[in-house]
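Structure first, then comments.
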Amino acid sequence: MATSLWATRAASYLRINVPCRGFATVLKDLKYADSHEWVRVEGKSATVGITDHAQDHLGEVVYVELPEEGSKVERGASFGAVESVKATSDVNSPVSGKVVEVNTKLSGSPGLVNVSPYEDGWIIKVELEDDSDLPCLMDPDRYTKFCEEEDASH
């Protein structure tokens, strides 16, 4: 027991003081939720995934739970989950609307979330109810600052 506590403290210490890579990529044309999902809005269509920061903290993704096409999603509510070698984490929708497409490639290749979180690793596409959710989301600069503050507090 004492060894695992020491290992946990050592890992925590190393994570903060010796990052294994630079800060996660934050794309300029996206909006971000404080639960680490991104959304790319094009007209009434919104593509949703988890951020590079989130996948980096999760580690190797081994399974992605996808919702059904046609199901409704609500801003801030869980619509699925991402399971990694470290943990399982809910995925929350940054917008409200109807799921019009799911990324079925993730069923056979969940690691796409790690290697390409903003392109091939997207999770769902949503037909927006309206754009009233968008002002509640963070722009890239605010999200970057949010991640830096979150990492510093751990």
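Quick check on segment 1-15. Is at least one of its residues of a type in the set (F, W, Y), at pLDDT 50 or above and more than 16 Å from R75 (Cβ to Cβ)? Checking segment 1-15: not a single residue is of a type in the set (F, W, Y), at pLDDT 50 or above and more than 16 Å from R75 (Cβ to Cβ).
Among A54, A81, which is the only one that is under 15 Å from H36 (Cβ atoms), part of a helix (DSSP H, G or I) and either out of contact with any Gly (no Cβ under 7 Å at 6 or more places or on another chain) or at pLDDT below 95 (or both)? Quick ask: steps written out before the conclusion?
Working: A81 fails: part of a helix (DSSP H, G or I).
Just a single option satisfies the conditions, and that option is A54.
Within segment 31-49, the set of residues being over 17 Å from D141 (Cα atoms) and touching a residue at least 24 places away in the same chain (Cβ under 8 Å) comprises V41, K44, S45, A46, T47, V48, G49.
Scan segment 142-149 and give yes if some residue there is part of a loop (DSSP other than H, G, I, E, B) and surrounded by 20 or more Cβ atoms within 10 Å (Cβ to Cβ), otherwise no. So far as segment 142-149 goes, no, none of its residues is part of a loop (DSSP other than H, G, I, E, B) and surrounded by 20 or more Cβ atoms within 10 Å (Cβ to Cβ). Taken over segment 115-135, the criterion of being more than 19 Å from K28 (Cβ to Cβ), touching a strand residue (DSSP E or B) at 6+ places or on another chain (Cβ under 7 Å) and at pLDDT below 95 is satisfied by E129, D133. For segment 41-51, the tally of residues that are surrounded by fewer than 22 Cβ atoms within 10 Å (Cβ to Cβ), of a type in the set (G, A, S) and assigned to a strand (DSSP E or B) stands at 1. Inside segment 90-109, residues that are surrounded by fewer than 19 Cβ atoms within 10 Å (Cβ to Cβ) and either within 13 Å of I50 (Cβ to Cβ) or under 13 Å from the mean Cα position of the chain (by Cα) (or both) make up a count of 1.
When the residues of segment 138-151 are filtered to those that are without any contact (Cβ under 8 Å) to a residue 40 or more places away in the chain and of a type outside the set (K, R), which remaining residue is nearest to T25 (Cα to Cα)?
D141
The set of residues in segment 94-113 being under 15 Å from K44 (Cβ atoms) and either part of a strand (DSSP E or B) or among the aromatic types (F, W, Y) (or both) consists of G97, K98, V99, V100, E101. Within segment 114-137, not a single residue is buried (at least 18 other Cβ atoms within 10 Å of the Cβ), touching a residue at least 60 places away in the same chain (Cβ under 8 Å) and part of a helix (DSSP H, G or I).
A residue that is loosely packed, with under 13 Cβ neighbours inside 10 Å and within 13 Å of the chain's Cα centre (by Cα) cannot be found anywhere in segment 68-87.
The values are calculated or read from the model by the stated rules, or taken from the named source; none is laboratory data. Please read all numbers here as calculations on a predicted model, not as lab measurements. Note that we place each Cβ from the backbone using ideal geometry, even for glycine, and neighbour counts take in every protein chain shown.
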